[in-house]
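Worksheet: one structure, shown below.
Taken together, the values in this text are just the output of simple stated rules run on the coordinates, not laboratory data. All values reported here derive from a predicted model rather than from experimental measurement. Cβ placement follows ideal geometry from the backbone for every residue including glycine, while neighbour counts extend to all protein chains displayed.
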Amino acid sequence: MKRSPQRITSIFSIFAAMVSAIAAQTVVSTEDIRPKVDEYMNSRLAAKNAGGSVLIAKDGNLIVAKGYGLADVAANTPNSPDTKFRIGSITKQFTAASILLLQEDGKLNVEDPFCKYMESCPDAWKPVTIRNLATMSSGIPSFTGLPEFGELRKKDMKPAESIAPVKDLPLKAKPGEVFEYSNTNYIILGMIIEKVSGKAYEQFLTERILNPLGLKNTGYDHGKERLKQSALGYSLKENNVVPAEVASMMVPFSAGSLYSTTGDLHKWNVAVHSGKLFKKPETLTLMLTPSKGDYAFGVNVRTDAKGRKRVSHGGGIEGFLSEAAYYPNEKLFMAALVNNDRVPASDVIRTLTAIYDGDKYEIPKKRVAVKVDPAILDKYVGEYELSPAMKFKFTREGDNLVLEPTGQGKAAVYAESETDFFLTVVDATFKFIKDASGNVTGIEFTQAGRTSTLKKL
């Protein structure tokens, strides 16, 4: 739900996918996986001072289920497999499933214009169907992308109040034609669930999903009091761990207000894909059928670099990042819940997958910033092209470089040497390339062990 730093985090996850070219290798044994996960997670903790909880399961059986680091720094309480974390936008698959349950009940149809179930709609929204909302193809702007959202997220607003600022804005595209991730869509879906069922979103979710499936460690986090056995959310400020910013949990609503554990997310995944949740097999097929941009009903469904079907979603909310991925053909599930909003859970899942597959991966190391002559930094200022639609803009502010990817916020860049730099918002590095005359010609961008070369414009 937060616009920053999660948006920058997601951008760099996309970069990693763009440059991915992983060769298929033999899956390693279970006995080898556990110590490798321990080594990676403990190194990550030492380098980034951020922990969490991770899980790997194959054929429904746990391979790894373990916590790392602290759930509460002040109380020195460790994270464990049973620690509850806010899961942010992983909430969306629970919301989408609720909509599909209502369709099975005959109370709505996903092909209906959603305004049929709303008390008032602007004219621009009237052609938008429930399916468009669920698959992020509505064209309705996201209220979390507004400049004023930084302040709005701190206010206790009802769902209708949250989305009010975008009601008079034009659609960003014709419904059904373009993928555009929008939290507005899923706030509206929550409102539809309440309207059609006659119950509060939390009550419907509890009665139709959480209780029947035995998800005892999953629920709606109102944010008014700390949940038992839950993690506190943290962030990084100048490489120091600090309590995360406080924001209202009323605002995320059906787009991001749930908490869970890695164990419950595994149990949920098994229930969805084994036929325990829906009455009809075609309902699950519908949930997993992508629209534009590989986005289906609350999940991304795509083929990975090895040609495997992958069903996944991530989440980000103040103090927390999350990621869960499922490979249905292999019945392989992974989840990572992190209580630090500057240390991506997506990096963990990427590495857990590499460990499972027997692929190469990097062990995190602690990076130490050094001072570089501002005159040298000035030579690096400029734009570097990753793709025609994405450029890295470097500027100098004081004695430091600052990176601003196309359409994104700024992020400080720290020097390890005169040519090597790193980010703290994600585990990524830059090496500035010079020709024989000492002119800067480009950069090498590296994340998750994969490197892409960007030409200086």
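Structure above, values below:
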{"quantity": "Hits among aspartates and glutamates - C-alpha to C-alpha of Lys331 under 13 Å, sequence gap 8 or more where chains match", "calculated": "Asp59"}
{"quantity": "Segment Glu111-Asp82, length gained on full extension (0.36 nm per residue, minus Cα span)", "calculated": "6.5 nm"}
{"quantity": "Folded to 0 to 90 degrees: helix 91-104 orientation relative to the chain principal axis, Cα", "calculated": "30 degrees"}
{"quantity": "Length added when fully stretched, Ser29-Lys431, from 0.36 nm per residue minus Cα-Cα", "calculated": "141.1 nm"}
{"quantity": "Links that overshoot a 28 Å alpha carbon limit, given the list Lys292/Lys455; Lys224/Lys366; Lys154/Lys391; Lys371/Lys410; Lys36/Lys276", "calculated": "Lys292/Lys455; Lys224/Lys366; Lys154/Lys391; Lys36/Lys276"}
{"quantity": "Estimated distance in nm for a label pair at Asp168 and Ala200, the labels positioned 7 Å out from Cα along Cα-to-Cβ", "calculated": "3.2 nm"}
{"quantity": "Gain on full stretching of the segment that runs from Ala46 to Lys126 - 0.36 nm per residue minus C-alpha separation", "calculated": "23.6 nm"}
{"quantity": "Whether the stretch 374-456 is rounded, prolate or oblate, judged on the alpha carbon gyration tensor where a/c under 1.5 counts as rounded", "calculated": "rounded"}
{"quantity": "Value of Rg to Rh for the stretch 182-238 (Rh from inverse mean 1/r over Cα pairs, i.e. Kirkwood)", "calculated": "1.08"}
{"quantity": "Isotropically averaged projected area of the chain, using the convex hull of Cα atoms (one quarter of hull area), nm²", "calculated": "21.7 nm²"}
{"quantity": "Relative pair counts by distance (%), Cα atoms of the stretch 128-182, 10 Å bins", "calculated": "25, 50, 24, 2"}
